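Asker: Take a look at the following structure, please.
Any read-out appearing in this document is the output of simple, stated calculations on the displayed coordinates, not a laboratory observation. Not measured: the values here are computed from a predicted model. Don't worry about glycine lacking a Cβ; one is built from the backbone with ideal geometry, like all the others, and counts go over all protein chains shown.
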Amino acid sequence: MITLENDYIKVSLAAKGAELQGLFSKETKLEYLWNANPKYWAKHSPVLFPIVGSLKNNSFTYQGKSYELPRHGFARDHVFNFEKISETEAVFTLTQNEDTLKGYPFYFELKLRYRLIDRKLNLTYKVINTGTAELLFSIGAHPAFAVPNTPNTVYEDYYLAFNADEKLTFWKLEDGLVSDQTALIELGGHRLNLKHDLFYNDALVFKTLQSNCISLLNNKNDYGLHFHFEDFPFFGIWAATDAPFVCLEPWCGVADDINHDQELTHKEGIIKLDIGENWSRFWEVECF
């Protein structure tokens with residue numbers, strides 16, 4: 001376990017999956033990250049790479065060959081190399097290996113850079129094409145935040161505040177795949193009240209979100225967090241059934257739709273990176 005800290009926050013990181021496993025505010029004395037209780041969901045904040053969500057039949061076709069990948073890819077299950085740059089920064093790196101090449105025939109370097117910037121935790125993803133052909137990939141975040149995380153509050157006291165959206169259109173999932181059915185949520189005052197049955201049919205998948213900041217707040221006190229993200233075309237909000245957390249998931253990529261032909265080059269949201277090129281995105285969270 002690797003620890004980063006400054007005067008305001010302290011975070012815990014694991015080499016397996018380069019996963020964020022703790023987010024503690026020294027000012028509020030509160031832990032903001034989900035504790036990975038296996039009764040509900042035994043992860044904290046996995047990285048989704050080289051796919052987001054599920055493939056149709058858990059497989060894809062590329063250059064005439066068929067390959068299999070599990071939901072959300074393999075990065076979350078691999079041990080990353082890491083370097084602690086300073087008390088407030090660490091970089092984790094994963095590259096292709098004999099195991100990854102069986103299901104994903106691409107050469108890559110994936111870097112996760114964690115930095116503490118005053119009261120904010122910043123996570124930047126960087127992908128580099130180290131191969132001799134075009135690199136195709138998707139990537140996404142999956143941090144789970146504890147709800148409730150303060151005394152004398154319950155799940156229904158909490159809500160998500162969107163900085164731009166007044167209504168939300170989400171795509172329904174069907175056996176883990178994106179269906180052609182959508183639903184509309186009207187937001188009163190840019191606010192989505194949390195309740196467990198929101199997620200009884202899996203995640204809410206958004207393709208047209210206008211907001212770049214979502215705040216997790218509650219009706220009983222002034223504690224909460226701001227979750228900021230840039231240039232992620234898809235977004236998911238999810239919790240396991242009746243679980244005391246909510247996941248805020250910015251994605252560059254999305255699960256296959258139910259009518260997909262399984263050809264990787266046709267996959268919605270797939271990112272194509274030329275030889276030697278690199279690509280990056282970031283998200284950050286501020287606790288208060």
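Asker: When the scattering of segment 128-189 is computed by the Debye formula from its Cα atoms alone, each counted once and equally, what is log10 I(q)/I(0) at q = 0.15, 0.16, 0.18, 0.29 Å⁻¹?
Answerer: Evaluating at q = 0.15, 0.16, 0.18, 0.29 Å⁻¹ gives log10 I(q)/I(0) of -0.85, -0.91, -1.01, -1.15.
Asker: If you average the alpha carbon positions of segment 56-90 and of segment 165-232, how far apart do those two centres end up, in angstrom?
Answerer: Going from one Cα centre to the other spans 26 Å.
Asker: Rounded to the nearest 0.05, what FRET efficiency do residue 81 and residue 122 give with R0 = 30 Å and r taken as the Cβ-Cβ distance? Could you check?
Answerer: Given R0 = 30 Å and the Cβ-Cβ separation, E is 0.90.
Asker: Once you have the Cα-Cα distance between residue 271 and residue 15, take 0.36 nm times their residue separation minus that, and quote the gain in nm to one decimal.
Answerer: In short, 89.6 nm is gained.
Asker: Right, another one. Report ³J(HN,Hα) in whole Hz for each residue of segment 227-241, in order, from the Karplus equation J = 6.51 cos²θ - 1.76 cosθ + 1.60 where θ = phi - 60°; Gly and Pro get x.
Answerer: Listing the rounded values in order: 10, 10, 8, 9, 6, 9, x, 10, 8, x, 10, 8, 8, 5, 4 Hz.
Asker: Find me the longest stretch of the chain that has none of the exposed trypsin sites (Lys or Arg not before Pro), where exposed means in a DSSP loop (not H, G, I, E or B) with at most 10 other Cβ atoms within 10 Å.
Answerer: 40-288
Asker: Give the lysines reachable from residue 120 as a straight Cα distance under 19 Å; neighbours fewer than 8 places away on the same chain don't count.
Answerer: List returned: 10, 26, 29, 84.
Asker: Still on this model: If I take every Cα pair under 8 Å that is 6 or more residues apart in segment 2-287, average their sequence separation and divide by the length, what percent do I get for the relative contact order?
Answerer: It rounds to 21 percent for segment 2-287.
Asker: Gaussian network model of the chain, Cα springs within a sub-10 Å range: biggest mean-square fluctuation belongs to which of 52, 154, 11?
Answerer: Comparing 52, 154, 11 in the GNM, the peak value goes to 154.
Asker: Measuring from the lowest to the highest alpha carbon on each principal axis, how far does segment 119-233 reach, largest first, in angstroms?
Answerer: 56, 39, 25
Asker: Something else about it: Once the Cα gyration tensor of the chain is diagonalised, what are the square roots of 5 times its eigenvalues, in whole Å and ordered largest first, as equivalent ellipsoid semi-axes?
Answerer: 30, 24, 16
Asker: Rank 13, 112, 184 by mean-square fluctuation in a GNM of the chain with C-alpha springs under 10 angstrom and give only the top-ranked residue.
Answerer: Among 13, 112, 184, the largest mean-square fluctuation in the Gaussian network model of the chain belongs to 184.
Asker: While we're looking at this one, here's another question. At 222 nm, what value in deg cm²/dmol follows for the chain if DSSP H runs of at least 4 each add -39500 (n - 2.57) and the sum is divided by all its residues, to the nearest 500? Don't skip to the answer; put the middle values down first.
Answerer: Values: 1 runs with 6 residues, N = 288.
Mean residue ellipticity at 222 nm (helix-derived): -500 deg cm²/dmol.
Asker: Hey, in the GNM for the chain with a 10 angstrom Cα cutoff, which one of 51, 270, 85 fluctuates hardest?
Answerer: Residue with maximal mean-square fluctuation among 51, 270, 85: 85.
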